[in-house]
Amino acid sequence: MLTQEFEQQIKRPDKIQDALNYILCSSMIVGGLFFFYKFFQSVKPNSETYQVIFPALFLLILGGYGLWRISKDYKIVKVLSNQTLE
(Lines give C-alpha, C1' and ligand atoms only; values in the text may rest on other atoms or scores of the structure.)
Protein backbone atom coordinates (compact mmCIF):
# COMPACT_ATOMS: atom_id res chain seq x y z
CA MET A 1 0.00 0.00 0.00
CA LEU A 2 1.37 3.37 -0.94
CA THR A 3 1.58 6.25 1.50
CA GLN A 4 -1.09 8.23 -0.36
CA GLU A 5 -3.51 5.29 -0.34
CA PHE A 6 -2.93 4.82 3.37
CA GLU A 7 -3.56 8.51 4.09
CA GLN A 8 -6.80 8.47 2.07
CA GLN A 9 -7.99 5.38 3.91
CA ILE A 10 -7.16 6.73 7.38
CA LYS A 11 -8.01 10.40 6.87
CA ARG A 12 -11.78 10.28 6.69
CA PRO A 13 -13.18 13.09 8.80
CA ASP A 14 -16.33 12.20 10.68
CA LYS A 15 -18.60 15.24 10.40
CA ILE A 16 -20.93 14.15 13.22
CA GLN A 17 -18.06 13.56 15.63
CA ASP A 18 -16.50 16.91 14.75
CA ALA A 19 -19.83 18.68 15.29
CA LEU A 20 -20.27 16.99 18.67
CA ASN A 21 -16.72 17.97 19.67
CA TYR A 22 -17.33 21.61 18.70
CA ILE A 23 -20.62 21.65 20.62
CA LEU A 24 -19.01 20.10 23.71
CA CYS A 25 -16.04 22.47 23.69
CA SER A 26 -18.25 25.50 23.08
CA SER A 27 -20.57 24.52 25.92
CA MET A 28 -17.56 24.16 28.26
CA ILE A 29 -16.40 27.65 27.33
CA VAL A 30 -19.90 29.06 27.85
CA GLY A 31 -20.09 27.30 31.23
CA GLY A 32 -16.74 28.77 32.24
CA LEU A 33 -17.86 32.24 31.20
CA PHE A 34 -21.07 31.75 33.21
CA PHE A 35 -19.05 30.94 36.34
CA PHE A 36 -16.88 34.01 35.74
CA TYR A 37 -20.05 36.09 35.40
CA LYS A 38 -21.32 34.70 38.70
CA PHE A 39 -17.98 35.53 40.33
CA PHE A 40 -17.94 39.13 39.12
CA GLN A 41 -21.64 39.55 39.89
CA SER A 42 -21.12 38.91 43.60
CA VAL A 43 -20.98 42.14 45.56
CA LYS A 44 -18.77 41.13 48.48
CA PRO A 45 -15.84 38.81 47.91
CA ASN A 46 -15.57 35.99 50.42
CA SER A 47 -14.26 32.46 50.39
CA GLU A 48 -17.38 31.08 48.67
CA THR A 49 -17.14 33.43 45.72
CA TYR A 50 -13.49 32.57 45.15
CA GLN A 51 -14.42 28.89 44.90
CA VAL A 52 -16.31 29.70 41.69
CA ILE A 53 -13.10 30.70 39.90
CA PHE A 54 -11.65 27.17 39.88
CA PRO A 55 -14.49 25.53 37.90
CA ALA A 56 -14.53 28.55 35.57
CA LEU A 57 -10.82 28.28 34.82
CA PHE A 58 -11.04 24.50 34.47
CA LEU A 59 -13.90 24.70 31.96
CA LEU A 60 -12.29 27.52 29.97
CA ILE A 61 -8.94 25.74 29.74
CA LEU A 62 -10.53 22.41 28.84
CA GLY A 63 -12.79 23.99 26.21
CA GLY A 64 -9.94 26.00 24.70
CA TYR A 65 -7.68 22.96 24.53
CA GLY A 66 -10.47 20.97 22.90
CA LEU A 67 -11.02 23.60 20.21
CA TRP A 68 -7.27 23.72 19.56
CA ARG A 69 -7.05 19.92 19.39
CA ILE A 70 -10.00 19.23 17.03
CA SER A 71 -8.11 20.38 13.96
CA LYS A 72 -5.23 18.04 14.77
CA ASP A 73 -7.34 14.86 14.97
CA TYR A 74 -6.68 13.84 11.38
CA LYS A 75 -3.01 14.80 11.17
CA ILE A 76 -0.75 11.92 10.15
CA VAL A 77 2.85 11.87 11.28
CA LYS A 78 5.27 9.97 9.03
CA VAL A 79 8.59 8.55 10.14
CA LEU A 80 10.79 7.83 7.15
CA SER A 81 13.58 5.30 7.50
CA ASN A 82 16.34 4.24 5.16
CA GLN A 83 17.02 1.04 7.11
CA THR A 84 16.58 -2.35 5.51
CA LEU A 85 14.19 -4.94 6.93
CA GLU A 86 17.02 -7.08 8.23
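The values are calculated or read from the model by the stated rules, or taken from the named source; none is laboratory data. Predicted model only: the values in this text are computed from it and were never measured. In this analysis, Cβ positions are derived from the backbone assuming ideal geometry, glycine residues included, and neighbour counts consider all displayed protein chains. Just the protein is used for accessible areas: all its heavy atoms, side chains included, with ligands, DNA and RNA removed. Shrake-Rupley method; radii C 1.70, N 1.55, O 1.52, S 1.80 Å.
Quick look at the values:
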quantity: Nearest-10 value in Å² for the accessible area of I23, using the 1.4 Å probe; calculated: 110
quantity: Gain in span if fully extended, T3 to S81, counting 0.36 nm per residue against the direct Cα distance; calculated: 26.7 nm
quantity: Computed E for W68/S42 - FRET, C-beta separation, R0 25 angstrom, nearest 0.05; calculated: 0.20
quantity: Accessible surface, the chain, averaged per residue in Å² (probe 1.4 Å); calculated: 88
quantity: Candidate residues T84, T3: accessible-area rank, largest first, probe 1.4 Å; calculated: T84, T3
quantity: In sequence order, calculated HN-Hα J values of the stretch 55-61 (Karplus, 6.51, -1.76, 1.60; Hz; x Gly/Pro); calculated: x, 5, 5, 4, 5, 5, 5
quantity: Hz values of 3J(HN,Hα) by residue in the stretch 8-18 - Karplus curve (6.51, -1.76, 1.60), Gly and Pro given as x; calculated: 5, 6, 7, 7, 10, x, 9, 5, 5, 5, 5
quantity: Long-range lysine pairs (8 or more apart or interchain), the chain, Cα under 25 Å; calculated: 6
quantity: Residue order for K38, K75 - accessible surface, 1.4 angstrom probe, largest first; calculated: K75, K38
quantity: Full-extension gain in nm, Y22 to I10, via 0.36 nm per residue minus C-alpha separation; calculated: 2.2 nm
